[in-house]
């Protein structure tokens with residue numbers, strides 16, 4: 001039998017259980033894959049806790065790497081033995097093996113190992129849509145990034161720097177400030193001690209920024225608006241501090257005809273051709289060395305509850321991988 005992490009009710013890390021599951025043969029358009037490494041992401045906490053209500057009982061996780069074991073009817077571009085990874089798929093990655101829609105799988109190129117792939121797919125594809133589509137970062141831009149030492153933060157900082165942008169990042173500790181600076185942040189703001197709106201104003205000479213990438217939500221959102229130049233964009237792609245309160249849209253006019261978007265990877269990568277294009281761009285910047293993916297923590301998959309507790313307590317930095 002195959003094992004997987006499941007939960008039968010929403011709640012804290014303690015609801016996660018390691019149990020036997022049956023994995024059948026792949027149906028039309030499906031592949032059966034055996035995982036080697038699974039990525040940990042804050043969205044997993046949203047699913048487990050019920051912020052994003054799952055259908056119970058439920059598996060968990062949307063990012064992993066592994067090997068194709070068998071393919072179903074109609075699957076022509078994958079075969080048993082292929083190394084694959086994914087970052088945009090139905091939840092259920094916290095498992096030794098699973099069935100998955102084959103159109104969500106991406107062949108891994110030479111030079112990217114399984115742990116690296118598991119650490120980069122969801123976060124890297126998220127970065128791709130944020131800085132290449134939601135707001136297309138270009139040379140000369142100065143951007144603001146919250147949680148700059150987090151998984152998306154470290155990838156986004158490097159990639160934006162590679163594109164010629166100046167990166168301002170907020171962090172919660174001196175240790176995280178050093179980490180963010182080592183990964184492309186030109187300026188770090190310790191939000192526990194400094195007013196980031198004031199610091200952004202000082203750093204930009206009063207010009208402010210054209211875009212804020214905000215995965216924190218409740219604690220930062222309104223101040224993020226105050227960091228924007230006229231016609232600027234807040235890309236709110238997470239809510240680690242809680243959901244944003246209902247917004248009086250008149251504020252957007254008052255603060256400079258601003259834009260707010262709540263983008264998701266599921267929307268940007270819904271079409272297979274878009275997913276492949278996004279992944280190829282991600283693979284290229286990683287293989288070139290412009291973006292380095294560093295796995296800072298690993299836990300056995302069966303210890304996912306401990307990994308969740310550490311992530312929620314902000315004890316982790318960068319990418320975390322659950323090993324199978």
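The values are calculated or read from the model by the stated rules, or taken from the named source; none is laboratory data. Please read all numbers here as calculations on a predicted model, not as lab measurements. Cβ: placed from backbone, ideal geometry, glycine included. Neighbour counts: every protein chain shown.
Tabulated data
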| quantity | calculated |
| --- | --- |
| Residue 198, sole failed condition from (1) at pLDDT 95 or above; (2) in contact with a helix residue (DSSP H, G or I) (Cβ under 7 Å, 6 or more places away or on another chain); (3) farther than 22 Å from residue 295 by Cα | (2) |
| Yes/no for residue 28 being surrounded by fewer than 19 Cβ atoms within 10 Å (Cβ to Cβ), farther than 30 Å from residue 215 by Cβ and touching a residue at least 40 places away in the same chain (Cβ under 8 Å) | yes |
| Qualifying position, being without any contact (Cβ under 8 Å) to a residue 40 or more places away in the chain and assigned by TED's automatic domain parsing to the domain that holds residue 209, among 161, 107 | 161 |
| Candidate set from region 117-130 (those that are more than 14 Å from residue 322 (Cβ to Cβ) and in contact with a strand residue (DSSP E or B) (Cβ under 8 Å, 6 or more places away or on another chain)); member that is surrounded by the fewest Cβ atoms within 10 Å (Cβ to Cβ) | 123 |
| Subset tally (residues that are exposed (fewer than 15 other Cβ atoms within 10 Å of the Cβ) and in a strand (DSSP E or B)) for region 236-249 | 0 |
| Tally, over region 192-235, of residues that are out of contact with any strand residue (DSSP E or B) (no Cβ under 8 Å at 6 or more places or on another chain), part of a loop (DSSP other than H, G, I, E, B) and within 17 Å of residue 259 (Cβ to Cβ) | 1 |
| Selected residue (criterion: surrounded by the most Cβ atoms within 10 Å (Cβ to Cβ)) from residues of region 312-324 that are under 16 Å from residue 13 (Cα atoms) and at pLDDT below 90 | 316 |
| Region 250-276 residues that are part of a strand (DSSP E or B), paired with ones that are surrounded by 14 or more Cβ atoms within 10 Å (Cβ to Cβ) (beta carbon under 6 Å, 6 or more apart) | 259/233; 260/234; 261/235 |
| Residue list for region 40-61, restricted to those being in contact with a strand residue (DSSP E or B) (Cβ under 8 Å, 6 or more places away or on another chain) and surrounded by 22 or more Cβ atoms within 10 Å (Cβ to Cβ) | 40, 48, 60, 61 |
| Scan of region 207-222 for residues that are surrounded by fewer than 20 Cβ atoms within 10 Å (Cβ to Cβ) and more than 24 Å from residue 123 (Cβ to Cβ), ordered by number | 207, 222 |
| Qualifying positions in region 192-206 - surrounded by fewer than 19 Cβ atoms within 10 Å (Cβ to Cβ) and without any contact (Cβ under 8 Å) to a residue 40 or more places away in the chain | 192, 193, 194, 195, 197, 198, 201, 202, 205, 206 |
| Subset of region 159-179 [modelled with pLDDT of 95 or more, buried (at least 22 other Cβ atoms within 10 Å of the Cβ) and part of a helix (DSSP H, G or I)] | 159, 160 |
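Residue-by-condition table, conditions (1) farther than 16 Å from residue 122 by Cα; (2) surrounded by 13 or more Cβ atoms within 10 Å (Cβ to Cβ):
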| residue | (1), (2) |
| --- | --- |
| 256 | yes, yes |
| 270 | no, no |
| 277 | no, yes |
| 285 | no, yes |
